Each structure stands twice: as structure tokens, then as C-alpha cells.
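Note sheet for the following structure.
Here, each number is a calculation from the coordinates, and none is a lab measurement. All of these numbers come straight from a predicted model, not from anything done at the bench. Please note: Cβ atoms are built from the backbone with ideal geometry, for glycine as well, and neighbour counts cover all protein chains shown.
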Amino acid sequence: MSTSEYRQKRDLSRSGEPRGSSEPSGEKPVFVIQKHDASTLHYDFRLEVDGVLKSWAVPKGPSTDPSEKRLAIETEDHPLEYAEFEGTIPEGEYGAGTVLIWDRGTYQNITWKDDNLKPMDKALGSGHALFRLKGEKLSGGYALQRIDDDEGHWLLVKMDDDEADARRNPVSTEPESVVSGRTLEEIAGEEKGPS
Ligand code: MN
């Protein structure tokens, strides 16, 4: 897997985003969800797979309610270092707007097939992956199910397990960054400096 598409789309000397070296992040693969106030607000859901962050844009953000199926649109692989990125991509650059680290942690692949664990790249390649998140806002099982290969459309759905909770709605009740505690407005304001 490669992040050449990521680099082609951006002027990294101007955007302030990481270039990326693709060193594995550690023992357990990481996930990150970045709230991105671009031309339309969305949540970028990213899973570490084979040295890159596989990425989807989730317009409504993830849910903790198993009956809520959230559209997730496949986007280009991002370098692992992107999981650390919070800040404002300047106007005129690709994806211009403010990025907030809404949740992050590690995940475990639980895509079992006939007593064998299907590797994450193969699971995603076949359009169906199950994994357990261990984040600050989200935890427990989630499924990614491809619904349209040509359009890169998937559904991100909470599995019905102990961590499922139809009453929680963290996207609206927990808007702050898990890294800095800031809101999108605060990040945007701080980066512009005093007016
Ligand atoms: Mn985005």
C-alpha cells in the first residue's frame, strides 16, 4: 500500500500536514477519527493497515447505536503520522479547513472465517471487516461493509455488543478533541491568531 495519491493531492510544504514515513506505529494497530470542517463537515475514519491509514469519510460520523448505519466513503490512504494531525489546512489547499482529533486508540481485527482470522487487508479487500475499537469515545465491535465498489461506498455499523448504546450520541454530545480538549472553533481561532 502506498500514500502516493495522498502526496499527489497535496502541496505538503504549504498545507502543514505530515509527509509520512510509514514506520509501523507499534504492537497494536491504531485507529483515529478526525472531525474535518472542510467544504462539508465530515468525520474521517482511519484504520492502520500494513503501514498506512486506510480512510473513509463518514458524513454523519460514527454511531454507538447498532440500528444506525452510517455511510462511509472510501478515500485515499493516509500516512500513519496523519493520526497525530490536528490543525487548519490553509485555504486553497486540498481539504482546506480545520481538523480535530475526535477519537483515537487501538483496534483489534475480529474478522473470523471458519476458525481463521482473516487478515485485515484481505477482509477489507473482500468488502467486509469486523474489528473492536478501544478509543476514548468509541469502544467495542464495529463492522465495515462495502455496498458499492464503483463508488467506494461502505456502511459503518456498531455491532450489537456490551458497548452498544442507542441512547448515546457522542458525535453531538462530545464534540471536543480527545488530544487538546478544543472545539473546531477554538482550533480555527487559535491558528488564525489574535484578530
Ligand atoms: Mn476529510
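If you take every residue apart from TYR107 with its C-beta less than 12 Å away from the C-beta of TYR107, what net charge results, scoring Lys and Arg +1 and Asp and Glu -1?
+4
Under a 10 Å cutoff between Cα atoms, tell me which one of ALA123, ALA166, ALA83 has the largest fluctuation in the Gaussian network model of the chain.
ALA166
Among SER13, SER177, SER139, determine the one that fluctuates most according to a GNM of the chain built with springs between C-alpha atoms less than 10 Å apart.
SER13
Separation of segment 61-126 and segment 130-147 by C-alpha centroid, Å?
Between the Cα centre of segment 61-126 and that of segment 130-147, the gap is 10 Å.
Which distance in nm do the two modelled labels at ASP65 and LYS134 give, with both placed 7 Å along the Cα-to-Cβ direction?
For the pair ASP65/LYS134, the computed spacing is 2.9 nm.
Report, ordered by chain and residue number, the aspartates and glutamates lying within cross-link reach of LYS158, taken as a straight Cα distance under 16 Å and ignoring same-chain residues fewer than 8 apart.
Result set, ordered by chain and number: ASP65, GLU68, ASP103, GLU136.
For ARG146, what is the net charge nearby, where nearby means another residue's Cβ is under 15 Å from its Cβ and Lys, Arg count +1, Asp, Glu -1?
-1
Label points 7 Å out from Cα along the Cβ direction at ALA96 and THR173: separation in nm?
My value for the distance between the label points is 3.7 nm.
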